[in-house]
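Since the structure comes first, as structure tokens, the remarks are kept for the end.
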Amino acid sequence: MKATPKWGISVIKGFILVALLMTVNFTFAQQKGAKGKVVDILTREPIESAVVTDINTGTKAVTGKNGGFILRNVKGDSLLVSFIGYRSKIVVIDFGKPMTIALEKGIITLKDVTIINNETLKTYGTLTNLDLNMQPAKSAQDLLRLVPGLFIAQHQGGGKAEQIFLRGFDADHGTDVNLSVDGIPVNMVSQAHGQGYADLHFLIPETVANYDFGKGPYYTDKGDFNTAGYVAYNTKCVLDHDVIKIEAGQFQTLRVLAMINLLGEKAKENGTSAYVAADGLYSNGGPFLVPEHFTRFNLFGKFITKLNNDNKLTAIVSTFKSDWRASGETPDRAVAKGYIPNRFGTLDSAQGGQTARTNASLKLCSTLGNNWTMDNQLWYSHYYFNLISNFSFYYYFPQAGDEFRQYEIRDMGGYNGKISKSATINNTTFTTTAGLGSRYDNISPSELDHTENGRFLDYLQYGKTRELNVNGYFDETVRMGKWLFNAGLRADYFNFYYQNLSTDTVATNIFNGVSNNAQKVIVSPKVNVEYTFNNKIQLYLKAGKGFHSNDARVVIANQGYQILPAAYGADLGINWKPLPNLYINTAVWYLFLQQEFTFGSDLIDQPAGPVGPSGRTVRTGIDFSARYQLTNWLFTNFNINVARPRYLDSAKGHDYVELAPTLTSTAGLDFRLKNGINGGLSYRYLHDRAANTDYSLTARGYFITDLTVNYTQKKYEVGIAIENLFNRPWDEAQFEYTSQLKGETAPVTQVSYTPGVPFFAKLHVTVFFR
């Protein structure tokens with residue numbers, strides 16, 4: 001055998017060396033991670049909470065708010081990227097380079113839903129993504145109803161903020177539910193009508209990109225009013241297309257909407273976008289004998305630009321105005337005794353109101369390097385409110401009547417700041433977040449006036465309010481294998497000021513000799529633990545302290561007593577996919593509240609009007625939600641919520657929390673056919689509940705069915721929406737009042753109600769422009 005020539009040996013050695021280098025390089029590449037971001041293919045906007053999976057190992061990562069992800073120790077060369085409402089996509093990894101993965105909207109399939117622990121702590125993220133995709137909101141009220149277990153009631157002609165029910169709370173208009181839009185708080189402190197008043201009507205529903213909600217006081221970035229829970233809405237950054245929409249229906253209802261992109265595709269590619277949205281509404285709201293003449297106008301604008309690769313600036317401006325007439329609340333006896341001809345009559349035709357709000361926000365989102373991010377937001381709102389009501393008629397003032405006006409003008413502004421860092425050490429991820437915020441409200445004047453037929457008679461209360469809140473929080477999340485641990489601490493400082501300007505005897509007696517100023521600090525710890533067994537089942541435990549602040553008038557009148565009543569709560573829950581097409585969330589929960597806020601009819605002796613503080617309460621309950629995909633075009637949803645609210649300091653049998661819901665349920669069938677036909681049939685059920693503390697009076701429940709059918713094509717959509725499909729009589733809002741009608745010789749305590757809308761059909765036509 002011939003010997004191998006020297007040059008041949010050299011070639012062989014070279015091949016061996018190259019092979020070794022390739023093997024080392026391949027092994028190194030296999031150990032590298034994949035990083036990048038996931039965006040919408042049309043808008044180029046980041047997609048948060050998309051799931052990125054290493055096909056070879058099944059290892060998963062979840063995208064953050066900027067669409068970014070990092071997947072370490074990747075073993076294969078391909079990733080599967082999925083998100084609810086988008087077509088899943090397999091991409092080849094470009095090791096060593098950040099990837100941009102664009103997803104296209106497609107059919108919704110529950111098979112794509114993966115249960116995974118991630119640092120966002122969005123326990124209900126799957127529910128929000130499914131529900132917003134399957135049940136597009138038709139109004140600001142519908143946006144609230146998307147939260148499982150949250151019910152609302154309107155009782156003042158459509159223009160007033162909705163009454164909110166959640167987790168055994170009659171939260172009035174927001175006393176125990178924290179609401180925000182794009183980081184701007186919706187709840188009003190020390191509001192003329194009631195503490196926490198949250199009017200969401202300035203939000204155009206078609207502009208909403210996503211929403212987030214949480215139940216209980218377990219979230220360090222949520223402060224005042226976050227006891228029963230919170231709901232946070234985020235508007236679209238870029239429109240998929242321009243939109244013109246016209247709605248028309250019964251009761252002289254007409255709504256017109258326009259949403260227009262202001263910049264072209266080239267600007268979008270460079271990270272700059274701008275659009276405006278506007279809508280106008282007129283409706284009489286139902287067959288009321290005194291028409292509501294409800295009018296509302298909204299204008300919204302949003303501008304986003306990249307200052308450079310590390311900084312994005314978002315500017316928002318909006319304005320809103322509405323006015324209406326209202327039939328108010330009617331005592332049960334009014335129809336029977338002939339005071340009004342039917343349920344849709346009124347005892348005081350001067351009731352109604354006007355309100356307006358203008359918002360501005362400037363937000364800078366920065367990437368600082370080394371996995372640090374920072375957000376800074378400044379916001380401002382100007383607000384006007386004027387409401388005339390009459391609950392008791394001739395009880396307090398037998399001659400002139402009990403009609404009253406609540407009136408205020410408010411300027412408020414604040415700052416929201418947050419800095420966060422994520423780091424991974426030995427397969428354990430640490431996410432550290434610190435936040436700082438402030439809010440200042442200047443209310444001048446703040447009035448409760450005695451009126452007759454809308455005409456001013458006298459001040460019952462008249463003054464100026466100033467309120468300051470400064471807050472900070474620190475939050476640490478550790479993700480270690482199947483475990484996720486989160487602990488946080490929040491501190492809030494409040495300063496209250498109220499100057500009484502009324503010479504009324506009652507007001508003078510309440511505020512005479514007390515200091516105009518009070519302050520308080522509250523510290524709120526929070527803990528969240530998750531254990532994810534696999535991608536089908538996850539167990540979680542939440543515990544924490546929250547609070548709702550008291551009205552400044554109450555604080556000053558009580559000389560600082562119980563300024564910031566605390567809430568202590570705990571949840572034990574599970575996210576579960578027992579079948580590929582079935583998703584379940586359920587939890588048992590507990591909540592203790594140091595001081596309940598309740599709605600009563602005592603307008604004269606309460607320093608904050610009809611909403612006043614009450615005693616300690618405790619609530620226990622169970623929440624259950626299920627989403628099931630029956631076929632590739634038919635989906636079903638089901639929610640049931642049970643609660644047991646009770647006063648702690650009252651005798652048994654007299655410890656019912658008035659108007660607090662004890663059993664609620666919603667469910668529906670949603671369909672989406674390939675030919676463009678889509679819609680849904682749904683119900684909402686509210687069980688009978690106590691109207692007073694001894695349950696001698698009952699607030700009647702209801703079962704209402706709604707239907708929506710649309711035909712959607714690329715350039716247009718036509719549809720019909722029917723509320724109360726079976727035309728059932730029902731009471732939307734109910735209260736216990738002591739009232740005296742004209743001609744009655746003595747007052748009567750009973751339930752007063754606002755009738756719910758009967759069968760109500762609306763048609764709409766929408767045109768889409770690219």
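Throughout, read-outs are computed from the coordinates displayed, never taken from laboratory work. Not measured: the values here are computed from a predicted model. When we count neighbours, we look across all protein chains shown, and the Cβ atoms used for this are built from the backbone with ideal geometry, even at glycine.
At a glance:
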{"quantity": "Greater than 20 Å apart at Cα, pairs in Lys268/Lys418; Lys60/Lys111; Lys105/Lys715", "calculated": "Lys268/Lys418"}
{"quantity": "Under 14 Å from the Cα of Lys577 - aspartates and glutamates, other chains or at least 8 residues apart", "calculated": "Asp112"}
{"quantity": "Rounded D (µm²/s) - segment 417-523, Kirkwood Rh over Cα pairs, Stokes-Einstein at 25 °C, 0.890 mPa s", "calculated": "137"}
{"quantity": "Listed residue pairs exceeding 22 Å between alpha carbons, taken from Lys236/Lys714; Lys37/Lys674; Lys65/Lys306; Lys536/Lys674; Lys37/Lys312; Lys245/Lys714", "calculated": "Lys37/Lys674; Lys536/Lys674"}
{"quantity": "Between 0 and 90°, nearest 10: helix 6-31 axis offset from the chain longest Cα axis", "calculated": "10"}
{"quantity": "Assigned charges on the beta-carbon of Lys, Arg, Asp, Glu; the chain dipole about Cα centre (debye)", "calculated": "3860"}
{"quantity": "Descending semi-axes in Å of segment 465-563, equivalent ellipsoid built from Cα gyration tensor", "calculated": "44, 13, 8"}
{"quantity": "Relative contact order %, segment 627-770, counting alpha carbon pairs below 8 Å whose residues are six or more apart", "calculated": "17"}
{"quantity": "Residue (of Thr698, Ser682, Thr664) at the positive-pole extreme of segment 662-770, dipole from beta-carbon charges", "calculated": "Ser682"}
{"quantity": "Charge dipole of segment 495-593 about the Cα centre (unit charges at C-beta), most positive-ward option of Asn516, Asn585, Asn550", "calculated": "Asn585"}
{"quantity": "Ranked packing of 257-264, 618-625, most packed first, by mean Cβ within 10 Å", "calculated": "618-625, 257-264"}
{"quantity": "Value of Rg/Rh across segment 634-770 [Cα atoms, Kirkwood radius]", "calculated": "1.15"}
{"quantity": "Degrees between helix 125-134 axis and first principal axis of the chain (Cα, 0 to 90, nearest 10)", "calculated": "80"}
{"quantity": "Using θ = phi - 60° and Karplus 6.51 cos²θ - 1.76 cosθ + 1.60, couplings along segment 287-299 (whole Hz; Gly, Pro as x)", "calculated": "x, 5, 5, 9, x, 6, 6, 6, 10, 8, 9, 10, 9"}
{"quantity": "Distant alpha-carbon pairs in segment 49-120 (separation over 17 angstrom), percent", "calculated": "40"}
{"quantity": "Per residue, the convex hull volume that the Cα atoms of segment 427-478 enclose (Å³)", "calculated": "107"}
{"quantity": "Relative packing of peptides 540-551, 308-319 - highest average C-beta neighbours within 10 Å first", "calculated": "540-551, 308-319"}
{"quantity": "Kirkwood hydrodynamic radius of segment 347-451, Cα pairs, Å", "calculated": "17.9"}
{"quantity": "Globularity index of segment 86-152, i.e. its alpha-carbon radius of gyration over 2.2 N^0.38 Å", "calculated": "1.47"}
{"quantity": "Whole-Hz ³J(HN,Hα) from phi, Karplus 6.51 cos²θ - 1.76 cosθ + 1.60, for segment 386-398, glycine and proline x", "calculated": "8, 9, 10, 9, 8, 9, 10, 6, 10, 7, 7, 10, x"}
{"quantity": "Ranked packing of 561-573, 419-431, most packed first, by mean Cβ within 10 Å", "calculated": "561-573, 419-431"}
{"quantity": "Normalised per residue, the volume of the convex hull around the Cα set of the chain (Å³)", "calculated": "170"}
{"quantity": "³J(HN,Hα) computed for each position of segment 715-726 - Karplus, 6.51 cos²θ - 1.76 cosθ + 1.60, integer Hz, glycine/proline x", "calculated": "10, 7, 8, 10, x, 9, 10, 10, 9, 6, 3, 9"}
